[in-house]
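The values are calculated or read from the model by the stated rules, or taken from the named source; none is laboratory data. Small disclaimer: the values here were computed from a predicted structure and weren't measured. Cβ atoms come from the backbone with ideal geometry, glycine included; neighbour counts cover every protein chain shown. Protein only, heavy atoms only, side chains kept; ligands, DNA and RNA dropped before computing areas. Shrake-Rupley method; radii C 1.70, N 1.55, O 1.52, S 1.80 Å.
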Amino acid sequence: MTDQPLQTDLEAIVRDARGEMEHSSTPEALESWRVSYLGRRGRLTLLLRSLASLSLEERRTVGAEANRAKAQLEQLLEQRQQALKQETSRLLQEGRIDVTLPGRPVPLGRLHPITQTVREICAAFVSMGFDAVEGPEVEWEHYNFDALNIPRDHPARDMWDTLWVDWTDPTSQQRRMLLRTHTSPMQARVMEKTRPPVRVVVPGRVYRYEASDATHEWHFTQVEGLAVDERITFADMKGTLYEFAHRIFGADRKVRFRCDYFPFVEPGAEMAIDCFACQGKGCRICKDTGWIEIMGAGMVHPKVLDGVGYDPSVYTGFAFGLGVERIAMLKYGIEDIRLFYANDVRFLRQF
Ligand code: FA5
C-alpha cells in the first residue's frame, strides 16, 4: 500500500463527514454521524487501523494527518452538539408551558343585575311560602285598570301614563289593549284561576309613557305580591314585608309604613327603609328625609275581591308592588337608573 490512495481516502472521508454534518440537525442524526465516522467500525477508525500495515515512515506522515483529521472531526462533532443543545433549549424556552402561570380566563356571561335582583327578591318570598308566576306584558285594559277598581275616566288612571296598543277587539270595541303599567293586573288573573289560599309573587316588565331621568325609566321591572286567605290582617303584611326588607337589605334596616293611596287597596301604604347611606340621618340619596320608599302596598280592596268572585266577608288579603331597579340602585349604590339599560358592559360586568 502507498500513502497516495490512503491520503485520497482520508480526504474523501473528511469531505463526506463535513458534508453530512451540514444536514445533521437532531441528536439522532449526530449519533449516527459519529458511528459512521468515529465509531468502532467507522470509516476513519478503520482507516486508522489500516495504518498498522504501513511502513514506519509512511505511518508517520499519513498517521499524523489521519490523527489531525480525527481531532478535526471530533471537534466538529463537539461544536455541533453544543449548538444543537443551545438551539433545543431556546426552542423549549419559547414554546414552554409555564404551569405556574394562571390559566387564560374563559369569558363567562352573567345575568343582568336586574335579573339577579328579581331572582333574589323572588327567592326571599318563595322561602316564605309564595309561588312565583308570570303574566302578559300586553294586557287588557280590564285587568290593568277596571278589575283594580280604576274604571274608565277615574282620575287615578292619571297615576299611570299608559302606552296603548293600536288594536281593537273586533268582537267588542270596548276591549282595549295596552302595555301593562304595573304587575297588579296579575292579581285578578291569579284569583280568577285559583281558590284561596293565594300566595304569589309576580316579577315582570312594565311600561309607562314617561320621560326618563335618573330615577325613572319608561320601561322597568316590578315584583307584585298577593296573599289572600281567611283572617289575613295588616299585621301579616307588615311582618312579611319586614322579613323581606331584612333579607334583602340586612337585619339592621329599619322599616316605616305610611298611608298612601291606590284604588285597589284599602288601607293603602307605602313602605320605606331607613337610608343605608346615612343610617337615617339625611343625605343626598334619601333627599334629606332619612327614608327611602321601596314599594306600594295595602289590604286588597273588597271590590277587587268581589270582582273575581271571592267573598270579601270571608276572605281578606294584602298586596304589594315594588320597583326592582330602585331596589337594585339602593342595594348597589347606583345613582342613575338608565345605566341598567345602556348596554355598557363595563358597568354590567361589575355584578
Ligand atoms: C304601582 O305600580 C302599584 N301597582 C303598586 C302596588 C301594588 C300598590 C299592590 C299597592 C298594592 P307605583 O306606581 O308607585 O305603584 O310603582 C311601584 C314602584 O315602581 C315604585 O315604588 C317605584 O319603585 C317603581 N317605579 C314607579 N315608576 C317608575 C319608573 N318610571 N321607573 C322606575 N321605577 C318606577
- Per GNM of the chain with C-alpha springs under 10 angstrom, the most fluctuating residue out of VAL201, VAL14, VAL304 is VAL14
- Picking from LEU38, LEU330, LEU305, which is most flexible by a Gaussian network model of the chain using Cα springs under 10 Å? LEU38
- Task: Determine the dipole magnitude for the range 3-94: charges of +1 sit on the beta-carbon of Lys and Arg, -1 on that of Asp and Glu, nothing else is charged, the reference point is the Cα centre, and the result goes in debye to the nearest 20.
- Result: 280 debye
- Mind ranking 239-247, 164-172 by how tightly packed they are, going by the mean number of other C-beta atoms within 10 angstrom, highest first? 239-247, 164-172
- Note on the structure: For the chain, any Cys whose C-beta has no other cysteine C-beta under 4.7 angstrom counts as unpaired, and these are CYS122, CYS259
- Query: How high is the relative contact order of the range 113-348, in percent, counting Cα pairs under 8 Å that sit 6 or more residues apart?
  - Reply: 21 percent
- Message: Please list, ordered by chain and number, the residues whose modelled amide H lies under 5 Å from the amide H of ARG176; skip anything fewer than 5 residues away on the same chain.
- Response: GLU141, HIS142
- Dipole-positive endmost among THR168, ALA66, VAL35 within the chain (Cβ charges, Cα centre): ALA66
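What is the packing order of peptides 30-36, 42-48, taking the mean over residues of other C-beta atoms within 10 Å and listing the highest first?
Packing order, densest peptide first, comes out as 42-48, 30-36.
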- Note on the structure: Checked against the positive end of the charge dipole of the chain (+1 on Cβ of Lys and Arg, -1 on Cβ of Asp and Glu, about the Cα centre), the farthest of ILE248, ALA132, LEU92 is LEU92
- Query: THR26 to HIS112: FRET efficiency via 1/(1 + (r/R0)^6), r the Cβ-Cβ distance, R0 51 Å, to the nearest 0.05?
  - Reply: 0.35
- Task: Would you compute, from DSSP H runs of 4+ residues alone, the mean residue ellipticity of the chain at 222 nm, taking -39500 (n - 2.57) per run and dividing by the full residue count, rounded to the nearest 500?
- Result: -13000 deg cm²/dmol
- Which angle from 0 to 90°, rounded to the nearest 10, does the C-alpha axis of helix 113-126 make with the longest principal axis of the chain? 60 degrees
- Nearest-0.05 FRET efficiency for TYR332 and VAL99, computed from C-beta distance (R0 45 Å): 0.75
- Query: Relative to the present Cα-Cα distance, how much length would full extension add between LEU56 and VAL314 at 0.36 nm per residue of separation?
  - Reply: 79.5 nm
- Message: Using the Cα centre of the range 113-348 as the reference point, and only Cβ charges (+1 on K/R, -1 on D/E), how large is the resulting charge dipole? Debye, rounded to the nearest 20.
- Response: 520 debye
- Message: Tell me the carbon and sulfur percent of the accessible area for the chain, rounded to whole percent, probe radius 1.4 Å.
- Response: 52 percent
- Note on the structure: Quick calc, the range 70-171, dipole around Cα centre from Cβ unit charges on Lys, Arg (+) and Asp, Glu (-), nearest 20 debye, gives 1440 debye
- Task: Classify the range 113-348 as rounded, prolate or oblate, taking a ≥ b ≥ c as the square roots of the eigenvalues of its Cα gyration tensor: rounded when a/c is under 1.5, otherwise prolate if a/b is larger than b/c and oblate if not.
- Result: oblate
- Place +1 on the Cβ of every Lys and Arg and -1 on the Cβ of every Asp and Glu in the range 3-94, take the dipole about the Cα centre, and give the residue among ILE13, SER25, LEU51 whose Cα lies farthest towards its positive end. LEU51
- Message: So, for the range 3-94, what is the accessible surface per residue at a probe of 1.4 Å, expressed in square angstrom?
- Response: 68 Å²
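If you roll a 1.4 Å probe over the heavy atoms of the protein chains, what accessible area per residue do you get for the range 113-348, in Å²?
Details: 11330 Å² over 236 residues.
Ligands and nucleic acids excluded, the result is 48 Å² per residue.
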- Degrees, to the nearest 10: 27-38 long Cα axis against longest axis of the chain: 0 degrees
- Can you tell me the relative contact order of the range 51-192? Whole percent, Cα pairs under 8 Å, sequence separation 6 or more. 18 percent
- Task: Please identify, among PRO155, PRO312, PRO136, the residue showing maximal mean-square fluctuation in a Gaussian network model of the chain using a 10 angstrom Cα cutoff.
- Result: PRO155
